[in-house]
Structures are given as C-alpha cells and as structure tokens.
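K.L.:
My structure is below; once you've seen it, I'll send some questions.
The values are calculated or read from the model by the stated rules, or taken from the named source; none is laboratory data. A quick note: this is a predicted structure, and the numbers were derived from the prediction, not measured. Glycine gets a Cβ as well: all are built from the backbone with ideal geometry, and neighbour counts include every protein chain shown. Ligands, DNA and RNA are stripped out before the accessible areas are found, and what is left, the full protein with its side chains, is counted by its heavy atoms. Shrake-Rupley method; radii C 1.70, N 1.55, O 1.52, S 1.80 Å.
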Amino acid sequence: MRMRVLNIIPKAFRAKGLVVSLTIFVRALLNFVGLAALLPVLYMILDADSMHSNAILQGVYDFCGFSSDRTFVIAVAIAVVLFIVLKNLINLLLYRVERDYIYALYRHLSRRLFIGYFKQGLQFVKAENSAVLSRNINVVCYTFVTGVLRPMASLASEVLLLLMIFISIAIYSPTGALMAVAVFIPVAALYFLIMRYRLDRYGNVENEAQRRKYRDVIETFRGYADVEVNNAFEHRLSLFDRELDTIVNVGRKSATISMLPQNLTETGLALGMASLLCLGSFMDAENMKILFGVFAVAGLRLLPSARAIMGAWSSLRYNRYTIDILNKAKDVEIGEGSVASPERLKFTDTIELRDVSFRFDNGIHDTLHNFSLSISKGEKVGINGESGAGKTTLLNILLGLYAPTEGGIYIDGNRLREDDLRKWQNSIGYVSQSTFLTDSTILENIALGCNEQDVDMKRMEAAIEAASLSEFVASLPNGIRTRIGECGALLSGGQRQRIGIARALYKQADILFFDEATSSLDNATEQSINRAIEHLSSSNKSLTIVVVAHRDSSLRYCDRIITLEKYNN
C-alpha cells in the first residue's frame with residue numbers, strides 16, 4: 001500500500017513529506033518524554049521517601065538547594081505541569097506542519113484532477129459519468145488525504161510512541177513488558193484479523209452507493225419537468241432510497257466497528273491490572289506498588305495509543321478505495337492549468353479541411369472519411385444531413401474539440417497545430433443547441449470567463465443590442481445583473497440562445513459556429529433568431545458563419561449548403 005500511496009503524491013510534495021515525517025517522530029518523542037515526566041510525581045505519590053532513595057531526584061534536590069521535602073514536592077509538581085503545557089504547545093505547532101501539508105496536498109490533487117479530466121477532451125467527458133468525475137474531484141481527493149494520509153501519519157506517530165513506552169517498560173521491568181505484550185497484542189491481532197476484509201468491503205460498498213445516489217439526485221433535478229410530467233418521481237425516489245439504505249446500513253456497521261478499539265483496549269488494560277494484582281502475592285509490597293504504578297501510567301497512555309492505532313488502521317482500510325481511484329487517475333494525463341492567453345490566430349483568407357477522417361475512440365467505423373472542405377472569409381456556409389451523418393462531429397473538429405484521426409485543418413494555408421488551438425478558439429464564437437449557462441447574472445454569462453470588473457461595458461451593450469436582447473434586459477429590475485437560475489431556468493429558449501449569440505459577439509469572434517441553435521425552438525422564435533443571425537451576416541460582410549441545421553429555413557441566408565451523408569465502410 002505504501003508504494004501505491006507514494007505513487008499518488010506528486011514529486012514536489014515528497015520532499016515536504018520528509019519534513020512531516022520528522023515532525024511525526026518529534027511529536028512521538030515529546031509524548032514519550034511527557035509520560036516520563038510523570039514518573040517523579042508517581043514515585044513521590046507511591047513512596048514519599050523515594051525522593052531521597054532515588055539518585056536522580058536526590059541529585060536535583062541537592063543541586064537546587066531544597067531544605068524542605070514539601071517545597072521540593074510542590075516545585076516538582078509545578079515543573080511537571082509547566083513542562084506538559086510546553087510540550088503540548090510544541091506538539092500543536094508541529095501538528096500545524098502536518099495539517100498544512102495534508103490540506104495543501106488535497107488542494108493540489110483536487111485541482112490537478114479537475115484540470116486533468118477537463119484536458120482529456122470532449123470525447124473523454126462525454127464517455128464518463130459527470131457525477132463520478134465530480135465525486136472524484138470533490139470527495140475522493142479529500143477522503144484520500146483525511147481518511148488515508150492523516151491516519152497513516154497518526155499510525156506512524158502512535159506506533160513510535162508505543163515502541164518507546166514498551167522499550168522503557170522492558171528496561172525497567174521485563175515482567176511488566178511481557179504482560180503488556182500478552183494483553184495488548186492478542187487483542188489488536190484479533191481486531192485486525194476480524195475486520196481486515198470487512199472494512200475494505202464496507203468502504204467500497206459505501207463509495208459505490210454514494211456515487212449512484214449523487215448521480216440519481218443530479219439526474220432527477222436536471223430532468224425535473226420530464227420526471228414530474230411522467231410521474232416518475234416515485235421511481236427516482238425508490239432508487240434514492242435503495243442507495244440511502246445501503247449507505248445507512250454500512251454506516252451503522254462502521255460506527256459499531258469504530259467503538260471496538262476503545263472497548264477492546266479498555267478490556268486489555270483491565271486484564272493487565274488484574275494480572276498484576278494476582279502477581280502481587282509473589283512480589284514484595286514496595287516493588288509491587290512501583291510496578292503497578294508504572295503499569296498504570298503507561299497503560300493510561302497505551303490505552304489511547306492502541307485505540308488510535310486501531311482507529312487509524314480502520315480508516316485506512318475503509319478508505320482504501322480512494323487509492324485505487326487516484327492511482328487509476330494517474331493514467332490520465334494530469335497537467336497544470338494553461339495560461340488564459342488572449343492571443344488570436346489571424347484569419348484572413350480560408351479555413352480548409354484536407355482529407356479529414358475521424359473515428360471515435362470506441363468506434364468501429366469512421367464517422368467522417370477523407371472529407372475536404374474550404375470556407376472563405378466572410379462566407380456563410382450551411383451544413384445539413386440526416387442524423388448520424390457527422391454534422392456535429394464535423395463542427396467539433398472545426399472548433400478544435402476533436403482531433404482528426406487523419407488529415408488536418410488549415411487556416412490561411414497553415415496547418416492548425418495543437419499549440420495553436422487556444423489561439424484559434426479565441427478567434428471563434430460558438431452557439432450550441434443548448435447554450436451553456438451558469439447560475440449567475442446575464443452579464444457574467446455573456447462575458448463568460450471574465451471577471452465583472454474586467455468587462456468592457458460598451459462592447460457588452462453592443463453585443464446585447466446586436467443579439468436583440470436590449471428590450472428584454474431593460475424590462476428586468478436588475479438589468480444585466482439579473483440572475484438567470486441554473487442552466488438559465490428563468491429564461492425562455494429564445495432568450496437563452498440570444499445570450500449565446502451575445503456571448504459570441506462580445507468575444508468579437510471572426511467566425512461564428514451555430515450547432516442546431518434553433519432546432520429546439522418554436523417556429524416564431526426560430527424565425528426571430530434566424531433574422532438576428534441574418535442581420536449579423538448582412539451588417540458584417542467579413543464575418544464568417546457556419547451553421548449546422550436540419551431545417552432549410554435556418555439555412556436560407558447561407559451562400560451555399562453542404563449536405564453530409566453517412567459513411568458506410
């Protein structure tokens with residue numbers, strides 16, 4: 001497991017991990033010294049004369065010039081309390097190093113996974129379940145650092161402390177050490193043996209149920225109208241309840257398991273004390289008192305330490321599934337976010353597709369095969385064809401969202417390279433059948449990707465006017481700062497599409513791509529949107545427009561229409 005965990009941690013964090021390991025060792029050492037500091041007090045409680053018979057205590061007594069046993073006892077007690085307070089403060093400072101490391105790593109992993117998934121491209125995103133990707137980014141990364149790495153750190157610290165305590169007991173009293181081994185090892189071994197595979201299973205079951213529940217909730221709210229009209233909520237609720245029952249049942253079992261370490265270790269300590277009392281008849285009273293006291297102090301520290309070890313181990317087993325998920329994600333090329341460069345790719349003459357073929361990763365046949373197309377600057381080109389002919393695929397290739405399997409895209413005679421995709425996409429505008437809208441204001445949706453303080457308001461007003469949104473925006477109490485709800489739920493279909501057009505115009509794109517932008521609208525709204533696009537075309541002769549549509553009415557203003565046919569090979 002250790003190597004698989006290490007494989008997840010980026011190299012930049014591994015050096016810092018050594019510093020954290022050092023703080024874990026120092027904390028364990030401080031906890032041990034803190035326990036040892038209680039021994040002088042124990043000596044004086046169990047045997048008042050021990051301060052003079054013990055060489056160390058007597059040496060401190062003489063060195064500090066004490067003349068009263070009472071004063072010496074008070075001074076030792078105060079010193080021990082102050083030391084414990086100081087030790088705890090240092091422990092807190094050291095723990096901050098561990099805490100900051102854990103959460104910095106979480107931020108790094110979550111952010112890189114988000115970027116990595118996004119950069120896999122449109123094919124990857126469409127093939128995966130968005131609820132699963134979201135859970136991996138938001139939940140799995142957090143669970144890994146808090147449910148795996150933090151317990152590993154706790155486990156290391158407590159094991160070190162346990163070894164120090166055991167070695168000290170063994171040096172002072174081999175009998176006491178053997179008794180501790182005889183009591184705690186069987187208890188821990190029994191717990192690990194019984195729970196090992198059970199915890200793995202519970203963790204996997206709970207994770208899968210959480211994924212399905214998360215997916216069911218998202219799908220239900222996303223399809224609210226269909227769910228309600230088709231009276232499907234009861235069925236959706238039954239799916240939700242099924243996963244909820246699984247999670248609750250697993251939670252009950254894991255909650256019971258979490259109590260076992262405390263119960264088992266307390267039972268072990270009681271057995272150890274009882275065994276010492278039974279051995280008392282074979283030892284003199286003074287040695288018996290000291291041994292019992294040492295075992296009691298050590299046991300009081302051994303108890304939470306053993307409990308912490310069992311708890312940390314349980315957390316590791318329960319959350320082990322995160323290691324598998326994040327190791328699998330290592331196969332995904334995860335990179336840092338690219339700089340949002342505003343640079344554009346100059347387009348003055350033609351866009352060409354030369355002998356382009358495209359096949360999906362899991363496809364058997366090409367969707368497009370040896371397809372060539374040339375679009376001149378300022379031209380209005382329509383693309384139609386039957387379903388499955390590759391219209392949207394062709395558009396996604398032009399948008400740079402799909403890379404051709406063969407052939408290439410040429411801008412003004414120069415092949416479009418991967419390094420130039422960002423510049424190309426900065427030059428184009430895109431309006432889809434279902435315009436992407438965020439749960440924010442009209443202004444933020446039109447100036448997508450811009451901070452409000454960076455928005456050019458003159459450009460914004462011009463884009464709104466050109467998209468025929470001015471009258472609608474003026475009717476709103478908060479104007480362009482009106483929130484539109486999730487996916488633009490507070491807008492009509494036509495208004496959503498007009499915001500998409502305004503977004504492309506605000507961007508001052510050289511080429512506009514429309515993908516079935518009016519197919520889901522009623523006839524009147526479709527005609528209104530088409531008139532807006534036609535007006536854009538006639539008022540800006542240098543603007544290049546590519547329109548994918550089923551209806552001929554949406555292509556009437558185009559200079560030419562290309563009809564795609566299914567490729568059968």
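K.L.:
Percent of alpha carbon pairs in the stretch 385-543 separated by more than 19 Å?
P.N.:
Details: 7224 of 12561 pairs.
Considering the stretch 385-543, 58 percent of its Cα-Cα pairs are separated by more than 19 Å.
K.L.:
Something else: Could you work out how far apart the two model spin labels at residue 365 and residue 68 are, taking each label as a point 7 Å from the Cα in the direction of the beta carbon, and quote it in nm?
P.N.:
So the two model labels end up 10.3 nm from each other.
K.L.:
Residue 217 versus residue 252, label points 7 Å from Cα toward the beta carbon: distance in nm?
P.N.:
Output for this residue pair reads 2.2 nm.
K.L.:
With a 10 Å radius around each residue's Cβ, average the other Cβ atoms per peptide and rank 503-514, 365-376, highest first.
P.N.:
Working: 503-514: 21.9, 365-376: 16.7.
Packing order, densest peptide first, comes out as 503-514, 365-376.
K.L.:
At 20 °C and 1.002 mPa s, grab the translational diffusion coefficient of the stretch 453-511 from Stokes-Einstein with a Kirkwood Rh over Cα pairs, rounded to a whole number in µm² per second.
P.N.:
On the way: Rh = 11.9 Å.
Once the numbers are plugged in, D ends up at 180 µm²/s.
K.L.:
Now for a different question. With a 1.4 Å probe and all protein chains left in place, how much accessible area per residue does the stretch 342-489 have, in Å²? Working shown, then result.
P.N.:
Working: 7590 Å² over 148 residues.
Per-residue value: 51 Å².
K.L.:
On the protein heavy atoms, probe 1.4 angstrom, tell me the percent of accessible surface of the stretch 336-434 carried by carbon and sulfur. Let's see the in-between values first.
P.N.:
Working: 2210 of 4920 Å².
Percent of accessible area from carbon and sulfur atoms in the stretch 336-434: 45.
K.L.:
Here is a further query. Once amide H atoms are placed 1.01 Å from N in the peptide plane, what residues at a sequence separation of 5 or more from residue 385, or on another chain, have their amide H within under 5 Å of its amide H?
P.N.:
564
K.L.:
Could you run the Debye sum over the Cα atoms of the stretch 77-147, one equal point scatterer each and no solvent, and tell me log10 of I(q)/I(0) at q = 0.12, 0.14, 0.19, 0.22 Å⁻¹, two decimals?
P.N.:
Evaluating at q = 0.12, 0.14, 0.19, 0.22 Å⁻¹ gives log10 I(q)/I(0) of -0.50, -0.58, -0.79, -0.91.
K.L.:
Over 19 Å between Cα atoms, which of 346/541; 126/391; 126/380; 507/541 qualify?
P.N.:
Numbers: 346/541 17 Å; 126/391 17 Å; 126/380 29 Å; 507/541 17 Å.
Listed pairs above 19 Å: 126/380.
K.L.:
What whole-number distance in Å separates the alpha-carbon centres of the stretch 430-467 and the stretch 73-128?
P.N.:
39 Å
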